[in-house]
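Below: one structure in structure tokens.
The values are calculated or read from the model by the stated rules, or taken from the named source; none is laboratory data. All figures in this text were calculated on a predicted structure; none of them were measured in a lab. Cβ: placed from backbone, ideal geometry, glycine included. Neighbour counts: every protein chain shown.
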Amino acid sequence: MTSTVHLASPHDIHPTAIVGERPGRPIRSQELVLGPDAIVRAYSVIYAGSTIGAHLETGHGVVIREENLIGDHLSIWNNSTIDYGCRIGSNVRIHCNVYVAQFTTIEDEAFLAPGVMIANDRHPICRACMKGPTIRRGARIGINATLLPEVVIGEGALVGAGAVVVHDVAPDAVVVGNPARVIGQASELTHAASYLERLQQAS
């Protein structure tokens, strides 16, 4: 079965990018729909069988697999992968070297920092119970954090750098550590002076 690509104009697809790659697994439809104003940078691969909204922007070496439903204004940076069967909202930002496992849900305006790893299988190699996390609207996942299968990250929550999330995170909570624990509320965070500003003030 050949793939069919519906690529809206305008768009900027690098010559080394592949748009409409055929999946190696059987799927219901080989049709790829990609909205207008897409920017797909060098060596990115977008598989057939997904629907992606307007203003997609990839970094280099991005992979977006099949059977994904993705909203508008997805920014996904270098060497990150969205595996198959995911649901991703609008205005989502995914930084470099991120892995989004199959059957993950990411709602509008969420942010994933570099190196975030998402798991979807409580019993490795078992295909019967694969289900990724749900990241609610506006949640932020810090650098190198790990989310285990099926956890729910609440709306507006903040997962700290390097945290390992094994349980659901309440809306607006700030969690850190392994296993992740609550240390505060995201809405109460303040913009303190940076390290360099504190040095200048002390001198």
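Between SER9, SER90, SER29, which is modelled with pLDDT under 95 and either assigned to a loop (DSSP other than H, G, I, E, B) or under 24 Å from GLY132 (Cβ atoms) (or both)? Can you show your working first?
Values: SER9 fails: modelled with pLDDT under 95; SER90 fails: modelled with pLDDT under 95.
That would be SER29, the only listed residue that is modelled with pLDDT under 95 and either assigned to a loop (DSSP other than H, G, I, E, B) or under 24 Å from GLY132 (Cβ atoms) (or both).
Restricting attention to the stretch 110-125, does a residue exist that is in contact (Cβ under 8 Å) with a residue 24 or more places away in the chain, farther than 23 Å from TYR84 by Cα, among the hydrophobic types (A, V, I, L, M, F, W, C) and surrounded by 13 or more Cβ atoms within 10 Å (Cβ to Cβ)? Full working, then the answer.
Taking the stretch 110-125 first, the residues in contact (Cβ under 8 Å) with a residue 24 or more places away in the chain are 110-122.
If we keep only those that are farther than 23 Å from TYR84 by Cα too, we end up with none.
No.
Considering the stretch 40-55 alone, what residues qualify as being over 20 Å from ILE106 (Cα atoms) and surrounded by fewer than 17 Cβ atoms within 10 Å (Cβ to Cβ)?
Applying the first criterion (over 20 Å from ILE106 (Cα atoms)) to the stretch 40-55 yields 40-45, 48.
The one that is over 20 Å from ILE106 (Cα atoms) and surrounded by fewer than 17 Cβ atoms within 10 Å (Cβ to Cβ): ALA42.
Further question: Kindly check whether there is at least one residue in the stretch 33-42 that is out of contact with any Asp or Glu (no Cβ under 6 Å at 6 or more places or on another chain) and either modelled with pLDDT under 95 or basic (Lys, Arg) (or both). Spell out how you get there, then give the answer.
Pass one, the stretch 33-42, residues out of contact with any Asp or Glu (no Cβ under 6 Å at 6 or more places or on another chain): 33-38, 40-42.
Then drop every residue that is not either modelled with pLDDT under 95 or basic (Lys, Arg) (or both), which leaves 41.
Yes, the stretch 33-42 has at least one match.
Next question, about the same structure. Tell me whether the stretch 12-21 contains one or more residues that are touching a Gly at 6+ places or on another chain (Cβ under 9 Å) and at pLDDT 95 or above. Don't jump to the end; show me each part of the working.
First pass over the stretch 12-21, keeping only residues touching a Gly at 6+ places or on another chain (Cβ under 9 Å): none.
Taking every residue of the stretch 12-21 in turn, none turns out to be touching a Gly at 6+ places or on another chain (Cβ under 9 Å) and at pLDDT 95 or above.
Here is a follow-up. Does ASP72 satisfy the condition of being farther than 20 Å from ALA157 by Cα, among the charged types (D, E, K, R) and over 13 Å from the mean Cα position of the chain (by Cα)?
In short, yes.
Looking at (1) assigned to a loop (DSSP other than H, G, I, E, B); (2) more than 15 Å from VAL5 (Cα to Cα), which is the only condition GLU67 fails?
Among (1) assigned to a loop (DSSP other than H, G, I, E, B); (2) more than 15 Å from VAL5 (Cα to Cα), the lone unmet condition for GLU67 is (2).
Condition first: under 15 Å from GLU107 (Cβ atoms) and surrounded by fewer than 22 Cβ atoms within 10 Å (Cβ to Cβ). Now tell me which residues in the stretch 136-186 satisfy that.
Once the filter is applied, which keeps residues that are under 15 Å from GLU107 (Cβ atoms) and surrounded by fewer than 22 Cβ atoms within 10 Å (Cβ to Cβ), the stretch 136-186 yields ARG136, ARG137, GLY138, ARG140, VAL151, VAL152, GLY154, GLU155, GLY156, ASP168, PRO171, ASP172.
A quick yes/no check of all residues on (1) basic (Lys, Arg); (2) in contact with a strand residue (DSSP E or B) (Cβ under 9 Å, 6 or more places away or on another chain):
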{"site": "GLN102", "(1), (2)": "no, no"}
{"site": "PHE111", "(1), (2)": "no, yes"}
{"site": "VAL116", "(1), (2)": "no, yes"}
{"site": "PRO124", "(1), (2)": "no, no"}
{"site": "ARG137", "(1), (2)": "yes, no"}
